[in-house]
Amino acid sequence: MKNQKISVKGTEVGIVTRDDQDYISLTDMVRNVEGGSALIEQWLKNKDTVLFLGVWEQLNNPTFNSIEFEGIRNEAGRNSFFLSTKKWIQATAAIGLYAKAGRYGGSYAHKDIAFEFGSWLSPEFKLYLIKEFQRLKDEEAKSKTLEWSFQRTLAKVNYKIHTDAIKAQLIPPRISPAQTSVIYASEADLLNVALFGSTAAQWRQVSPERTGNLREAATLEQLVVLSNLESINAVLIYQGLAANERLQQLNAIAITQMKSLMGAAALKQLGNSSGRKIMEKKP
C-alpha cells in the first residue's frame, strides 16, 4: 500500500493506493474546513450521497449487498438517519469507502467518490483537488516512462556486452603453424579445425560431459559457415592446393564469415525490443 500527499489550496491531502486503485483521504480534505470530520457524516446522511454511493458500488463491486443498501436508501433523508463510513462498509460490504487506523488514518474514498465529496464541500476545492491529483498522476507516468527507458537502454548495453562475449568465443581462432603441418585423418576434420579450432576427437576429449558430436553442438551461424567451407574446400581441392594451404585459407574465410554473421545478428538484435537471443541452436 503506497501513501502519497498532494497540496490542495494549502491543505495536505493523503492518497493511498489500494488494490491498484487510488483512495483519497476525506478526513484530510476537511481538516482545515469549519466542521471538520463531522462534515463527512453530514454528507453521508444526504439521500443523494447514498444513491450515488449505491450506484458506484453496483458498477464496481460484485459483492455489494444490494438488499442492505435498499434498507439504507429508504432511511436516508430522515432526521433520525445516521450513516458513518464504518457502518456503510459493514452493512453493504462496500469497497468505495474505507476507514484506516493509525498513521494516515481516517476515512478514505475512491477517487471517484472523493471528487464527488469535494464538489459537495466546494466546487472550487473539487477543481483544485482534480488538478493536483492529475499532476501527481502525470509525474508518476513520466517517472515510469523514464524508468522504462533507462531499463531498456541498460538491457541493450548488457545485451551488447553479452553478445560481444559470445562472439569472442565463437569467432574461430587463427590456426597455428603446428596445426597446418598436421595431416588430418579426413577432410571433415580439416574443416573442423578451420572453423572450430579442433578435430572431432579433440572436442570429445575436452567436452566429455556433452552429448552428440562437435557439429551437433554448433550454432546456426557456424553451420552456415561450415556449409560454405565445404563448397570452397571442394574448389581448392580441384585447384590442387595442399591440405595445409587449404587449411589456412579456409580458416581465414571462416573468421571473416563468422565476424560478418555475428555482427549482423548483433545489430539486428539491438534494434529488436523483444530481446531474443542471437544464438539459436539447430533443432
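Per-structure values
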| quantity | calculated |
| --- | --- |
| Condition broken by Asn79, with the remaining ones in (1) surrounded by fewer than 13 Cβ atoms within 10 Å (Cβ to Cβ); (2) under 16 Å from Trp120 (Cβ atoms) satisfied | (2) |
| Sole residue being in the same structural domain as Ile113 (by TED's automatic domain parsing), surrounded by fewer than 15 Cβ atoms within 10 Å (Cβ to Cβ) and closer than 15 Å to Tyr108 by Cβ, chosen from Glu70, Glu12 | Glu12 |
| Residue match in the range 85-95 (condition: among the charged types (D, E, K, R) and within 40 Å of the chain's Cα centre (by Cα)) | yes |
| Subset tally (residues that are surrounded by fewer than 19 Cβ atoms within 10 Å (Cβ to Cβ) and in contact with a Gly (Cβ under 8 Å, 6 or more places away or on another chain)) for the range 112-126 | 1 |
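Yes/no matrix, rows are residues, columns are (1) acidic (Asp, Glu); (2) assigned to a helix (DSSP H, G or I); (3) modelled with pLDDT of 75 or more:
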| site | (1), (2), (3) |
| --- | --- |
| Gly102 | no, no, no |
| Lys126 | no, yes, yes |
| Ser143 | no, yes, yes |
| Leu146 | no, yes, no |
| Phe150 | no, yes, no |
| Asn158 | no, yes, no |
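The values are calculated or read from the model by the stated rules, or taken from the named source; none is laboratory data. What you are looking at is a predicted structure, and each value in this text was computed from that prediction instead of being measured. In this analysis, Cβ positions are derived from the backbone assuming ideal geometry, glycine residues included, and neighbour counts consider all displayed protein chains.
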